[in-house]
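The values are calculated or read from the model by the stated rules, or taken from the named source; none is laboratory data. Computed from a predicted structure; not experimentally measured. Here the Cβ positions follow ideal geometry from the backbone for every residue, glycine too, while neighbour counts run over all protein chains shown. In case anyone asks, the SASA skips ligands and DNA or RNA and just uses the protein heavy atoms, side chains included. Shrake-Rupley method; radii C 1.70, N 1.55, O 1.52, S 1.80 Å.
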Amino acid sequence: MVDLESEVPPLPPRYRFRDLLLGDQGWQNDDRVQVEFYMNENTFKERLKLFFIKNQRSSLRIRLFNFSLKLLSCLLYIIRVLLENPSQGNEWSHIFWVNRSLPLWGLQVSVALISLFETILLGYLSYKGNIWEQILRIPFILEIINAVPFIISIFWPSLRNLFVPVFLNCWLAKHALENMINDLHRAIQRTQSAMFNQVLILISTLLCLIFTCICGIQHLERIGKKLNLFDSLYFCIVTFSTVGFGDVTPETWSSKLFVVAMICVALVVLPIQFEQLAYLWMERQKSGGNYSRHRAQTEKHVVLCVSSLKIDLLMDFLNEFYAHPRLQDYYVVILCPTEMDVQVRRVLQIPMWSQRVIYLQGSALKDQDLLRAKMDDAEACFILSSRCEVDRTSSDHQTILRAWAVKDFAPNCPLYVQILKPENKFHIKFADHVVCEEEFKYAMLALNCICPATSTLITLLVHTSRGQEGQQSPEQWQKMYGRCSGNEVYHIVLEESTFFAEYEGKSFTYASFHAHKKFGVCLIGVRREDNKNILLNPGPRCIMNATDICFYINITKEENSAFKNQDQQKKSNVSRSFYHGPSRLPVHSIIASMGTVAIDLQDTSCRSTSGPTLSLPTEGSKEIRRPSIAPVLEVADTSSIQTCDLLSDQSEDETTPDEEISSNLEYAKGYPPYSPYIGSSPTFCHLLHEKVPFCCLRLDKSCQHNYYEDAKAYGFKNKLIIVAAETAGNGLYNFIVPLRAYYRPKKELNPIVLLLDNPPDMHFLDAICWFPMVYYMVGSIDNLDDLLRCGVTFAANMVVVDKESTMSAEEDYMADAKTIVNVQTLFRLFSSLSIITELTHPANMRFMQFRAKDCYSLALSKLEKKEREKGSNLAFMFRLPFAAGRVFSISMLDTLLYQSFVKDYMISITRLLLGLDTTPGSGFLCSMKITEDDLWIRTYARLYQKLCSSTGDVPIGIYRTESQKLTTSESREIASQSQISISVEEWEDTKDCKEQGHHRSNHRNSTSSDQSDHPLLRRKSMQWARRLSRKGPKHSGKTAEKITQQRLNLYRRSERQELAELVNNRMKHLGLSTAGYDEMNDHQSTLSYILINPSPDTRLELNDVVYLIRPDPLAYLPNNEPSRKNSICNTTGQDSREETQL
């Protein structure tokens, strides 16, 4: 122990307790050396240099003092001239000697001493080894000329009246002013001042020239006309303005020589200054200048940050942003690093935009550019990604840095960010609103497969429109479609609303149904005061409170509506039988005007829940009564609501004994155990009990677990959904999740096949291996064999995703060329296939399913041009592929981000509709089809009541398919082609092909009476053709023309047969069965469109697809588990199935 203590060294002196009390005295004995830094700045010269030159504020004060001193010297010169009496005579002595009073001389000497001392001191401090550089500087020479004579006159009194050209100090004042402005800009950290400096230099140069000329002419004319300062000023202005009146002219040769010299100097100096000013002005026009702080504090503005500005992006933003009345006084400041192109410049010169839009060339990563845009005073900042770049990940990285820079510079400025890749979304969680392009894109493509035209529905909802598109069209469907497209989502507090205030304390479905019956508005969701989440159709058990925020679909918001009650006498006769009879259905006329909607109300009284139900009148003497519709209850009754307990799946498991249910079809419900990226919303889905091996995910390759090599061999019960994409990005995960959501019935799940150009990575396979019936295959839609292997012949939908590698092209709008041609090939090969295509540019959708001689498409093209000329934001909406939901462009969803500035809830509602977010208690979007058994409901209002009273569903729109009516000229042309196709000379050869030609004409003219449908008309056509053949010599030209037309038809028919034969041969070559190959069917005779929130008296038609917002099945489950087949909501028991089949 003693040895151990001896080895421990003693504490240093500074750590002993004695030193804490007595002070540390041991540091003097240490070997440490105290070092002082920056000793070079402690010298007298360095301190002077720091005060006079280096320090910005003190240097600014010194230069301001110097500038004032030079101005004072010029002022003293003018005072000397004004006090001097002009002497008589023309002696040259008057040039060299002047009369100077003693006090004035003393002031000038003092100013000269101070100026010379300051000049010598600054020259000494700025000396860098070359003395001649300091001496030969023009400011130093001028200082010597103006100061040294006064100092000499102190020691030599006879020189006190010597003339000294003190007026030359104006040039020294100009030099001091330039230095002072530079120091001022350094002190206040202002760098965008080149234009201001150049203007200041130009003005000061011009003033110095005029002042020098005035003083010089006045002094030299002391031996001539003896001009005063005012006459000299008059002469200089007349001379420099090139007017030259000639009434005042110099007389002496010296003054004339001086004027010539000054004119030469002006001709050299001023053009140089003007040239520099013009150059800076052009550069400022390119960069956009500044948005002044005064304007930012007195006006409202938003900032748009983009990497490159295209004309389509600009017009979409401006049209959507300024479509809202309360944004008319806002200014838009565009901050873009690239120079403004010609098209954008031309648009911004239009008076409507030139007074509202300010273009600034700069980067959001520079604080100076953000200061120019006054980002800290902006109402909002929109940061958009460049989707046309080849590397979309790099584009996202740039967007993220811009968002970080803006947040760092202006923390309180609301951010609206557009991101491309979902895996990059978590970097910008701090933003107020974020729209991820791939998330929305794939979710809409997925819902398009099960709810037709979901992309068109969402696009119309997020676009601002008054519903005036197509109202001048002769087509009825275009009028209805255009008027309903004006419906948007609005919000209002229940207690402040005329629409919903009377439904306080009643169920949500009761309020939704009666508000639609009464006002024609569709209540789709609420938000509680104590909850930030929006609930879409929370169901009949949700009781409306006065503080609830109601979200509804209508042609305009309630604040812009006027309400008119019709004569109450009309309803007195039918007050007891309001629901009986088809003639008493409520009629709502919605008149869209400039921001105001007038709604005619036929009945404003609320019906009690015990009132009579809707029923159809009996037919003739038959006493068989059709099913009636139960009333919508004010307060939910558990026994009257058909809940869909999708957790148990009892009804789905009830199969016939002949059906064999394999073990791999037994799915579980839960949350996916693996997500491919951070930030994906967890969704309750159909999952497998065990994940599938990666080898079994390959559709076209057999493995040790199965021996299938094509889609046909799997024997799927439902048709396929094929997705053709370039790579398996994380966005594809959002395509699978909505199709495997828990509320989709198991027996309706469609197999999903991913046709990828590049093999997927392991992370993506880890994410999809838990989902049932999801496969992938490496191939391309360019290859027919790959299409056949993946099962295109028996697919329900073919989704073609725009490829990233083709999104950028040298020529605008050519980025979609490859996609359009590939889809056209698919359409020609498999015309019965439902193809859903994504395009980069919305203008290219006119090329989808292109037909060169289609007169109807040409008419739609003219209609689109007319709507665009009227200023419509939805000019493309009448294109048949878009109206039918066959094509969409993700750029059309840019308006969702713009609209969220006014409606901050739109992104949340859209995500809930698409299934990207799942909020407990919030409903989901689905659809149902109207069959022949459902036509007894007749109208949309009765359907609304039926759904609300039975399942609690809320309908929001109709997807309608109609037969396309051909014009008279088209029908005649088709009829003539069908007749001419029957050749007299080659009747025996073309007999087998006749029925096929007639079948095509029948299908194209399905809405009109075709001659080929009736044998009598067919025989008459043949007789007519034979009579024409007998008159061959008389009408040889017409016969030849008909034969040519016939050959053309045969050529067309042979081309179609050739395509079919090609597909059949390739299927046989690949060992595939040709039984699933559909014959070519022409679907041009039908058109589809969407009616958002149609009027209550809209008639239902066969095959109508109704969009529904169904309540969340997990929100409430029935306490009693007995069979849900017995429901009192339908008196005949026809609504006993779990699905909404009326």
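Odds and ends about this structure:
- Unit charges on C-beta of K, R, D, E only; dipole of the stretch 686-778, Debye: 500
- Heavy-atom accessible surface of residue 295, to the nearest 10 Å², is about 80 Å², with a 1.4 Å probe and all protein chains retained.
- Among the listed pairs 374/429; 479/747; 49/374; 818/862, those whose Cα-Cα separation exceeds 28 Å are 479/747; 49/374.
- By accessible area with a 1.4 Å probe, ligands and nucleic acids excluded, highest first: order of 196, 317: 196, 317
- Over 26 Å between alpha carbons, listed pairs 719/929; 746/929; 517/866; 669/803: 517/866; 669/803
- The accessible-area ordering, largest first, of the residues 339, 488, 932 stands as 932, 339, 488, per a 1.4 angstrom probe.
- Solvent exposure of the stretch 847-934 amounts to 37 Å² per residue of accessible area, where only protein heavy atoms count and the probe is 1.4 Å.
- Charge dipole (debye, nearest 20) of the stretch 740-894; +1 at Cβ of Lys and Arg, -1 at Cβ of Asp and Glu: 920
- Nearest-10 value in Å² for the accessible area of residue 183, using the 1.4 Å probe: 10
- The stretch 317-453, dipole about Cα centre (Lys/Arg Cβ +1, Asp/Glu Cβ -1), debye to the nearest 20: 180
- Per-residue SASA entry for residue 282, accessible area with 1.4 Å probe, Å² rounded to 10: 120
- Accessible surface of the stretch 249-401 [probe 1.4 Å, protein heavy atoms]: carbon and sulfur percent: 58
- The order of 105, 156 by accessible area, most exposed first and with a 1.4 Å probe, is 156, 105.
- Annotation note: trypsin sites (Lys or Arg not before Pro) in the stretch 725-779 located in DSSP loop regions with a Cβ neighbour count of at most 12 within 10 Å are absent.
- Under 5 Å, built H, 5+ apart or other chain: amide partners of residue 837: 800, 887, 888
- Local charge for residue 430 was computed over the other residues whose Cβ lies under 14 Å away, with Lys and Arg +1 and Asp and Glu -1, and equals +2.
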